[in-house]
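The values are calculated or read from the model by the stated rules, or taken from the named source; none is laboratory data. Please read all numbers here as calculations on a predicted model, not as lab measurements. As a convention, Cβ positions derive from the backbone with ideal geometry for all residues, glycine included, and neighbour counts pool all protein chains shown. The accessibility values were calculated without ligands, DNA or RNA, using every heavy atom of the protein model including side chains. Shrake-Rupley method; radii C 1.70, N 1.55, O 1.52, S 1.80 Å.
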Amino acid sequence: MQEKLAITVLVIMLALFALVLVLYNLVKSKGESYNQIVLSHIIDRNGTYLAISEKVYNLVVDPKQILDTEENYQYLDATLDALVECFGYKRDELQAMIEEKKDSQYVIYAKQLPAEDKEKFETYEKDKNKEYRALPTEEGGNQRITGVWFEEEYKRTYPYNELACNVVGFALKDGNASGGVEQYYNDILNG
């Protein structure tokens, strides 16, 4: 009887240990994304959203990389074409900015773009670069889209506009809050 009890306790302990390991790995690998989900909404006691943090993206350009012609690759024309095609920017303005800041590796060109725009550009970039690789050099096979990436940022929106905005408070760009309940609980909300 004692042997059966000892085996049962051992099995339960191993199961609990395995559960702790699974939970630890889950928190370690996806903890930040779960925190963002929880902290991105402010709701009232009925579950009505009063404030929502929406993920947006800043378009960052690396003029130094775009103008680089290392290994006979050409990046400027293909990258300009991609930015004009996907976002509708003016080609001459983009080219002037890139040439003016040719030694810079970090220029924020546009702010708070929606995820759809980011995905559209990334899909276009992937498809075009694959297409360029298949072409012979004399037909444009040395072109690539490069030197463009996106930075994550959060934009606070209020579904009910000014309803209880003074009570809720406001989120600033640096992640801190200004006024209201959000400022009062800012240390807890930021973790």
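Take every pair of alpha-carbon atoms less than 8 Å apart whose residues are at least six positions apart; their mean separation over the length of the chain yields a relative contact order of 25 percent. Ranked by the mean number of other Cβ atoms within 10 Å of their residues, highest first, the peptides 50-63, 95-108, 21-34 fall in the order 50-63, 95-108, 21-34.
Whenever you get a sec, compute what percent of the accessible area on the chain sits on carbon and sulfur atoms (1.4 Å probe). With neighbouring chains kept in place, the figure for the chain is 54 percent. A simple spin-label model places pseudo-atoms 7 Å from Cα toward Cβ; at residue 167 and residue 17 they are separated by 5.1 nm.
Averaged per residue, the chain has 70 square angstrom of accessible surface, using a 1.4 angstrom probe with ligands and nucleic acids left out.
Quick check on my link table: of 28/130; 28/128; 30/155, which ones sit more than 31 Å apart, alpha carbon to alpha carbon?
Over 31 Å apart, Cα to Cα: 28/130; 28/128.
A compact globular protein would have a Cα radius of gyration near 2.2 N^0.38 Å; the ratio found for segment 104-153 is 1.38. Taking 0.36 nm per residue of separation and subtracting the Cα-Cα distance, full extension of the segment from residue 119 to residue 84 would add 11.1 nm. Membrane-span-like helices in the chain, defined here as complete DSSP H runs extending at least 15 Å along the helix axis by their C-alpha atoms with mean Kyte-Doolittle hydropathy no lower than 0.5, are 2-39, 76-87; this is a sequence and geometry rule, not a statement about a membrane.
Each residue, residue 30 and residue 6, gets one label point 7 Å from its Cα in the Cβ direction; the gap between the two is 4.0 nm. Only one of (1) 1.03; (2) 1.19; (3) 0.94 was calculated from the structure for Rg/Rh (Cα atoms, Kirkwood Rh), and its label is (2).
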